[in-house]
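Worksheet: one structure, shown below.
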Amino acid sequence: MSPDAKELRAFLDRVGRQLRLIAGAHGAAFGLGLAVIATLAGWPFATVGRAGAVGIALGAFGCIISILLTRPAAPALAAYVERRVPQCRNVVVTGTELLSLNTSANDYVASLVWRDAARTARTLTASRIASARRALTVLGIAAAIFALALARMANPALAALAPLARHSATAGAATIDRIDVIVTPPPYASLPPTTLHDPQRIDALAGSTVNLSVRGRAAAVTIETLNGTRIAATQRNGAYTAYTANVAADGDGYIAIQATAPSTGAGATNARRLIGLSVTPDNAPRVRITAPAKDITLSDAHTALDITADAADDIGLATLRLRYTKVSGADERYTFVEGEVPLEITRRDARTWTARVHWPLDSLALAPGDMVVYRAVATDHRPGSVASESDAYIAELPAPGGNAAAGFSLDPTEDRYAVSQQMVIMKTERLLAGKSGMSADAISSEAQDIAAEQRKVRAEFVFMMGGEVADAPDPSSDMTSLNETAEAEGESDLAAGRMFNQGRVALQTAIRAMSRAATSLATSNVATALPSEREALAQLEQAFSRTRIILRALTQQEQLDLTRRLSGSLTDVVRNSGPSANPAADPRVTALRSTLAEIASLSGGQNANASTAAAASALAQRVLTVDPSDAGLQAVAATLDSAGTSATHSDEARTRAQLDRAATSLAALLRRNLLSAPSAPSGATIDRLNGALTDALRPAGGAP
Amino acid sequence: MSRDALLRYALRGTAIAIAVAAAIDPAVTSQRNAKPEISVIAGQSVRDSTLAASVEHALAKNFTVLPASFARASATVLVGTAPRLDDASIADLALPAFAVTPDTNATQISIEQVTVPSVAPLDARVPVAVRVRANGAANASVAITLAASGGTVDQIVKRVANNNQEFDASLSYLPTAAGAAPLHVVATLGVGGDSARADLVVDVRDTRWPVLFYDPHPSWMSTFVRRAAERDRRFVISSRVVTTNGIATETGQPSQLDDAAGLSRFDAIVIGAPDALTDAEVRGLEMFLRERGGRVVLLFDAPATGPIRRLIGPVEWIAKTENPSVLIVPADADSTRLRASALAWPRTLPQGAQPLAWATNAASGHATVWQSAVGAGNIVVSGAFDSWRYRDASSSTFTQYWQTLIANEASAAPPAVSVRIARPVVQPGERGDVTVIVRKAALRTTTLLQSPSTPIQSTVSASIDVDGKQTSVALWPASGVGEFRGEFRAPQTPGTYRLVVAADSEIGEAPLIVANVVSAATPSDKDLLRAFVASRGGQTIVVSELAGLPAILTRSLRPAARAELWHPMRSTWWLVVFIAALSAEWWMRRRRGLL
C-alpha cells in the first residue's frame, strides 16, 4: 500500500472516531433525558443520590449503546466526507473504492488517485468535517436539566420554577406542596420504616412514630391530632420552607396539617391538609395446647405426657413456655407447686411457632389424689405486654375409689334426702292402706320400723346442719335418738323469726316435722304421723330450692333492681303519671347530618379556591372526630381531603366530583341509622271511599 | 290590416280589458275545498315541544296548523308520549286523532315517574322512587342522581339490558334541616349522553306524631311495643295502662277512649289487650276512626273476644303455637322481620282487609298482621301474640318493625287542614292549582247523617307570603264536603314560598318552589295513547315516519267543499299581464317607427 493510500485510510479512521464520539454524546443525552422525565414525573427515587446514580447510569448506557451501533464502513465514511465537502470531487470515494479493490500500488491510475485523495485529506480536518460541538452541547444541556431536576427534588423551593410543577401558587397564600411521611414502627417490632408521599391515610402499628416532612410555602406549619395535640413543625433547611415534626401513633384519628400564610394582606390564606391515621394495635399472642387438649386421668405417677402447643402473633413471638401447677393434698390442706417445662420449639416464622415436649411426670412425685394443671404461655416483644395463656388442662392421679375433680360439679345425689323422706311417706301410706287387714302388733312393728327410718333420715339433716339443732344428742346415746320434745319446743323460736335464713328455717322446720312424725310412729299413731311426714317433705323441697338460689352469686350487672319488682302494699297503689319519653337525638347522626349539609352546600358553591380547600379539610376533620376508627368515615374524610387538594389547584370539576362522592358515601353511612320515612298517604278522600266500600261489603254486626 | 297591426290591437285591447275589469272588480261565488285545520297538542317536556315543532313544520304546507286543542279542527295530532289532555280537552277533541311518538330506536332517556312523600320527618330517610325509560340504549349504563342544595346526595348506576327498557331505581334523601327541600333527579345515559331531569320538593318537618298507647289491663306486647316507640324521636307517646280498677299508670297526656275531643289530638292509638275494652271504649275508638280518620293498632294477646270484634269485622281465628318460632315477614318489600311462636290469623280475611305481614309457617303464609278500613280511618290487627319474646336484635327486628308500622299509620292520619299543590315546582308567574281538605268538615259525615239539619260551617282562607306581603289565594268549594280548590299565580321571583291555609283555628301549609327552569317527570303512556287514537279513528306513527303524516291525514280527511266569494281581479298577477301587454304593444309600435 502506497503512503498516500495509508494516509487516506488514516483520515477515514479519524472521521469514524469523530462520528462515534458524536453518537456517544447523543446516546448519553438521550439517557439523561429519560432520567429527567422520570425525576420530574415523580418516579419514586428515594434520595437525590440514588436518582443521580440512576441518571448517570442511563446516560452511560445510552452512550455505549450508541457507540456500538455506530460503526460505519470505509465507503460510508468516504461518502459522508464527500457529502460534507463536495469540493473533494469524488476523489476520496474513488480512492476508498480502490483501497477496497486491493489495487496494486504500482497501478499508475490508483497511485494518481491516492495521491490526489491524500492531498485533499491533508487539507481537511476530521473534527471539522464531523463536528461534535452540537452533540456535546446537547449532552451538556441534558446534563444541566438533569442537575436542575435533582436540585428540585432536593429543594422544593425550585419546584415553582419547574415546567412540570403542578400549579402556581397565589402570591401570599400558603401552600403545602408535598408531604413525605416516614412511619417508623416501634423498635421491638423489627419492621422496616414505611415511606409515603402525600398520603390520604396512614396505617401504622400502635407505638409507631410518624415523621412528617411538609414542603411548601408557609410562615409556620402546625400539626394537630385528634386528641387535640398541637405540634409546631420545625423549619428544616434554612431558606427553604420544609418543616418536620413527629407524631406518635397511639390511636385512630387524623393528622391535620395547617400551613400559615407567609404574609398578611390580600390573598394571604392558610393551607390545610388532613391525613387519616389508622392505628393497628399489636394484638396479644394466641396460644393453645393442641394435644392432649383435654383433661386426662393418669394411670400411675410414672406416666409421661406428650404435649404439643402452637402460638401465633401478628408481629412476632418472643417466648413460648409450658407452665404447670401441681396440686397436692385434700380437704382444707392443699399444696400448690408451680413450675415450667422446657419445650422443643419449631419456628415456622417469627410469628408462628409450634412446640412439643415429652414430659415424664416422675419428677413431680405425684401421689394418689394429686393433680397437675398445665397450660402454654406465650409473649410477644411488646414492652410491658401481658403473657397470653392457653386453656388449662388437668392431669389427675385419682385416689383409690375417688372421683376425678369431685366437688367441682354439683352433687348428683342432691335429691337423695327428699327421696328418702318420700320413701318414708310412701311406706306410711302403704301401712295405712293395709292397716285394716293387719294385727295391732304387726301394725306396731311396721310403724316402729318406719319410725326408725324416719329418724335416720332426720339424722342426715341434723348432721348436715352441723349439729346445730338445739338439743345436741348425748354423745353416749344412739346417734339417731334425739330429744324430740325439746326440738318440738324450739319451733316457737323459729316462728318468732329469730333465724333469717329462710332456707335454714325450712330445714329446721323439716327436722321438727320429722321429729313429730317419728314420735307418732313410735306410738303406732300412723295417721297422725303422715301429715308431719308430708310437711317435712314440703319443707325439704323448699329448703333446697331456696338454698340453690341463695348459693348463686349475682354479679354487679345482675343485681336486681328492687324498685322495679312488683311488690309492695296494696294500699300504696295510686295512680302514677309521668311525662312522655323524650329520647335524645343520636349525637353521631346529628353530627354527620350537619356535616352532610355542609358538604352539599360546599359542593353547590361555584368556586374551587383556598377557602373551599380549607372548608373541605375542616369537614374531613369533623368526620374523623365522630368516629376515627370507622373505615367508612375514614374513606369519606380521605375523599374530602382530596377535594380540598383539588380545590387548592383550582380544579373545580374534580373538586365537585370528590365532594359529591364524599356526600353520597356519607349519606350511605347515615342511612343505616335512620328508618325510612312513611310513603305518601293516600289522602282523606281515598281513605273515606275505602272505608265506605268496606262498610258496604261487610254484613252488619261483627260476629263471624 | 296586417298581422302585426292585428297583434298590436289585441295587446292594447287586452290591457284595456284588464283595466276595465279591475275597475269593475267582479265577485264570483264558487264551491271550493278549504285548507284543513289541524290541532297539534304536545306534551310538557322540552323534547315533546321540539317534536311538536317538527310536526307543525311537516304539516304547514298542506294544512292550517293550530298549536292547541280546537274542537272545530279537521283532526288532532297528539305529539309525544304524554300529551297534555284533561277531561275537558278530551271531550272537545277534534276527530280523528293521530299521535306522533318519539322514535323508539333513537337513543334517549326519560324519567317516567318520581314518587316521593310530600311531607317527611327530619329523623328519617326519605325514599325517592324513580322510574326511568331508556330507548335504544342496550348495554349502556344509566346514572340516576339525586341532588339537593346543588350537591349530589345519592346516585345509582344501572345497566340497560335491551333497547326499550323501563326500570325502577330507589334513591333516598337524608334531610339535614327542617323546611322545604328542593330536589332534582337526573338520569344520564352513559358519559355525557342524553339526560332527563325532574324537579320535586319534600317538606321536611321537625314535628312529632302524637300516639296514644292504651292498655285496659297490662300487656307484655303493648309494653314492649311502647318501649320501642318511645325510643323513636318521631313520636310523642302518651300512655295509659289500667293496672287495676280505677288505678292506672300514665305518661304524657292520655285520654279516655270515650273522649272524642281528647282523642282527636292523636294521630294513632295503639291498644294492648284489646279484648278487655268495654263497649263504650270501642264506640270511642270507632268515632276516632271515622270522624278523625285516625289509625288504630290492636295488639292482641289471644284471639279476639269482646266488643272489639265489632270493629275488626267477622273473623274466625285460627290460633297456633309453633315450635320452633316462625318468622313473620311484611307483605311489602320492607326488610323488617317479626318472630313469634304463639300466633293467630283469620281463616278468611274480612272483606276489604289487606294483609300487612305473613307468618312463614305455611307455603302460602298466613296473614298474621293485617289492616282494614273503618270510615276514613284504618285499623291494624296483630295476631303475633308473643312476638315481644323475640324482640332481641338477633332474633328479629321487633323494634324497627313496630316503629315503621306505627310511623306509617300515624303519618297516614289526615291533618286538620290538608294542602296539596298540584305542581309544587313552577316557573315564575305560572298558574298553579291547590286543593284544600278541612278534616273537621270532610269527615263529619256521620254527624251529618245523624242530624242533617246541623249545618257544617268552615271559614277558610289561603295566602302566599311574597316578600313579606300576603298574597291571597281564592278558594272555592269543590265536589266533596270540606274540600276546596283554588288557583294562584306563582311569584315572579324564584325562591321558596309557603302557601298557608287557615281553616277555623287550624293551619295547613305546603311549600311552593319557584324556579326559572323546571322539569317534570314525563310519564309515557304509549299503549294507552295508541288505544286512545285508534278509538278516535286515527293511528300512531313514530317520528321517523313523520314525512308520511300529511298523506295519512289527507287520506283520512274528507275535504269539505264550501261556497266561497271570489274576486278574480284582485290577484296581483293581472298587473303583470297588464304591464306586459302594454309594453309589448309599445315595443311593436316603436319598431315600426310609429312613435
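Descriptive notes on the structure:
Let's see how each residue does on (1) open to solvent by less than 30 Å² (accessible area, probe 1.4 Å); (2) of a type in the set (S, T, Y); (3) modelled with pLDDT of 85 or more:
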residue: B:F98; (1), (2), (3): yes, no, yes
residue: B:P102; (1), (2), (3): yes, no, no
residue: B:P121; (1), (2), (3): yes, no, yes
residue: B:A138; (1), (2), (3): no, no, no
residue: B:S149; (1), (2), (3): no, yes, no
residue: B:R159; (1), (2), (3): no, no, yes
residue: B:Q165; (1), (2), (3): no, no, no
residue: B:P182; (1), (2), (3): no, no, yes
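- Conditions (1) part of a strand (DSSP E or B); (2) more than 8 Å from chain A (Cβ to nearest Cβ); (3) under 30 Å from B:A148 (Cβ atoms); number of the one not met by B:T207: (1)
- Hits in segment A:639-659 - residues which are of a type outside the set (V, I, T), more than 18 Å from B:A143 (Cβ to Cβ) and in a helix (DSSP H, G or I): A:L640, A:D641, A:S642, A:A643, A:G644, A:S646, A:A647, A:E652
- Output for segment B:461-494, where each listed residue is of a type in the set (G, A, S), at pLDDT below 90 and open to solvent by less than 50 Å² (accessible area, probe 1.4 Å): B:A478, B:G480, B:G482
- Residue among A:S190, A:S208 that is closer than 24 Å to A:P383 by Cα and either open to solvent by 50 Å² or more (accessible area, probe 1.4 Å) or touching a Gly at 6+ places or on another chain (Cβ under 8 Å) (or both): A:S190
So that you can scan it fast, the table gives a plain yes or no per residue for (1) of a type in the set (F, W, Y); (2) farther than 30 Å from A:H197 by Cβ; (3) crowded, with 19+ Cβ neighbours inside 10 Å; (4) under 60 Å from the mean Cα position of the chain (by Cα):
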residue: A:A57; (1), (2), (3), (4): no, no, no, yes
residue: A:L69; (1), (2), (3), (4): no, yes, no, yes
residue: A:A110; (1), (2), (3), (4): no, yes, yes, no
residue: A:W114; (1), (2), (3), (4): yes, yes, yes, no
residue: A:R119; (1), (2), (3), (4): no, yes, no, no
residue: A:I145; (1), (2), (3), (4): no, no, yes, yes
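- In the set A:E446, A:E460, only one residue is in a helix (DSSP H, G or I), under 60 Å from the mean Cα position of the chain (by Cα) and either at pLDDT below 80 or of a type in the set (D, E) (or both); that residue is A:E460.
- Flag if B:R197 is more than 13 Å from every other protein chain (Cβ to nearest Cβ), touching a residue at least 40 places away in the same chain (Cβ under 8 Å) and open to solvent by 40 Å² or more (accessible area, probe 1.4 Å): yes
- Failed item in (1) charged (D, E, K, R); (2) more than 13 Å from every other protein chain (Cβ to nearest Cβ); (3) open to solvent by less than 40 Å² (accessible area, probe 1.4 Å), with A:R622 passing the rest: (3)
- In segment A:658-700, residue farthest from B:N378 (Cα to Cα) [restricted to those that are among the polar types (S, T, N, Q) and facing chain B (nearest Cβ under 8 Å)]: A:T664
- Scoring B:P218 on the criteria (1) open to solvent by 30 Å² or more (accessible area, probe 1.4 Å); (2) within 8 Å of chain A (Cβ to nearest Cβ) leaves a single failure, condition (2).
- Scanning segment B:1-35 for residues that are in contact (Cβ under 8 Å) with a residue 40 or more places away in the chain and part of a helix (DSSP H, G or I) yields B:D4, B:L7, B:R8, B:L11, B:R12, B:T14, B:A15, B:I18, B:A19, B:A21, B:A22, B:I24.
- All conditions but one from (1) modelled with pLDDT of 55 or more; (2) under 30 Å from B:E250 (Cα atoms); (3) surrounded by fewer than 16 Cβ atoms within 10 Å (Cβ to Cβ) apply to A:L560; the one that does not is (1).
- Some residue of segment A:680-696 being closer than 25 Å to B:P127 by Cβ, basic (K, R) and crowded, with 18+ Cβ neighbours inside 10 Å: no
- Top-ranked residue of segment B:235-259 - restricted to ones that are more than 7 Å from chain A (Cβ to nearest Cβ) and surrounded by 23 or more Cβ atoms within 10 Å (Cβ to Cβ), ranked as farthest from B:E286 (Cα to Cα): B:F235
Yes/no matrix, rows are residues, columns are (1) touching a Ser or Thr at 6+ places or on another chain (Cβ under 9 Å); (2) among the acidic types (D, E); (3) on the phi < 0 side of the Ramachandran plot; (4) within 14 Å of chain A (Cβ to nearest Cβ):
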{"position": "B:T321", "(1), (2), (3), (4)": "yes, no, yes, no"}
{"position": "B:S325", "(1), (2), (3), (4)": "yes, no, yes, no"}
{"position": "B:D334", "(1), (2), (3), (4)": "yes, yes, yes, yes"}
{"position": "B:R339", "(1), (2), (3), (4)": "yes, no, yes, no"}
{"position": "B:R347", "(1), (2), (3), (4)": "no, no, yes, yes"}
{"position": "B:Q354", "(1), (2), (3), (4)": "yes, no, yes, yes"}
{"position": "B:T368", "(1), (2), (3), (4)": "yes, no, yes, no"}
{"position": "B:S394", "(1), (2), (3), (4)": "no, no, yes, no"}
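The values are calculated or read from the model by the stated rules, or taken from the named source; none is laboratory data. What you see is a predicted model; the values in this text were computed from it and never measured. Don't worry about glycine lacking a Cβ; one is built from the backbone with ideal geometry, like all the others, and counts go over all protein chains shown. Only protein heavy atoms, including side chains, enter the accessible area calculation; ligands, DNA and RNA are left aside. Shrake-Rupley method; radii C 1.70, N 1.55, O 1.52, S 1.80 Å.
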